[in-house]
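The values are calculated or read from the model by the stated rules, or taken from the named source; none is laboratory data. As the structure is a prediction and not an experimental result, all values here were calculated from the model. Don't worry about glycine lacking a Cβ; one is built from the backbone with ideal geometry, like all the others, and counts go over all protein chains shown. We work out accessible area using only protein heavy atoms, side chains counted, and drop any ligands, DNA or RNA first. Shrake-Rupley method; radii C 1.70, N 1.55, O 1.52, S 1.80 Å.
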Amino acid sequence: MAEITQQAGKGSSRRSIRNRNMIKIDFTPMVDLGFLLITFFMLTTVLSRGKAIPIPRMAEGPPTELADTSALTIVLTADRKVQYYFGAKVDFRQTDLSANGLRKILMKRNQEVYDRLVNLEKARAAQQISASDYFTERSKIKNNKYTLEVIVKAKEDVDYQILVDMMDELSICRIQRYAVMDINDEERGLLAMNN
């Protein structure tokens with residue numbers, strides 16, 4: 001591990017060098033220990049955690065009646081086309097999953113709620129309202145009967161990325177009430193006829 005060697009002086013010169021003890025340290029065990037510690041921490045540390053988007057699912061039970069003005073059903077297809085209809089009557093219209101397509105429709109239907117939420121967030125950021133008032137007002141806006149309710153349905157061949165993009169659009173438009181459901185037989189039949 002360590003070794004002490006003695007070096008002799010040169011004799012009786014005016015500048016005589018004292019006898020020095022030279023210590024030679026072997027760093028091999030310390031290097032081994034360092035690599036063991038690095039390996040241990042690399043294997044036991046989680047470098048990044050997975051991020052998940054919470055996707056609300058409709059509860060089982062009797063269907064809830066939605067107003068024709070506040071309900072929007074969106075059916076995603078594999079070619080990034082979006083079929084949608086308002087209310088309970090299945091009458092498909094088509095757009096795409098883009099800022100000029102679906103986002104424009106969502107913003108048009110949700111503009112009042114969007115503006116109220118933006119103003120509420122600005123007031124909270126400027127500390128004009130307390131946190132409890134913020135959450136109370138946000139809950140009132142979210143549970144208003146005129147707030148847009150979006151039901152997202154995806155065909156079986158839709159990529160997961162398309163569903164994630166749809167959730168992003170809902171978040172951008174500040175849609176407060178949405179759920180993911182399965183396509184029913186009537187919608188599946190109409191989609192087959194349209195294609």
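State yes or no: is THR69 open to solvent by 50 Å² or more (accessible area, probe 1.4 Å) and modelled with pLDDT of 85 or more? The answer is no for THR69.
Filtered by the rule that a residue be among the small types (Gly, Ala, Ser), more than 30 Å from LYS81 (Cα to Cα) and assigned to a loop (DSSP other than H, G, I, E, B), the stretch 96-144 gives ALA126, SER130. Could you tell me how many of the residues in the stretch 155-195 are of a type in the set (D, E, K, R) and in a loop (DSSP other than H, G, I, E, B)? Total satisfying the criteria: 6. Of the residues that sit in the stretch 86-101 and are surrounded by 13 or more Cβ atoms within 10 Å (Cβ to Cβ) and under 12 Å from LEU191 (Cα atoms), which one is farthest from the chain's Cα centre (by Cα)? So, considering only residues that are surrounded by 13 or more Cβ atoms within 10 Å (Cβ to Cβ) and under 12 Å from LEU191 (Cα atoms), the one farthest from the chain's Cα centre (by Cα) is VAL90.
Flag: ILE162 does not match the condition of being at pLDDT 85 or above, farther than 28 Å from LYS51 by Cα and open to solvent by less than 50 Å² (accessible area, probe 1.4 Å).
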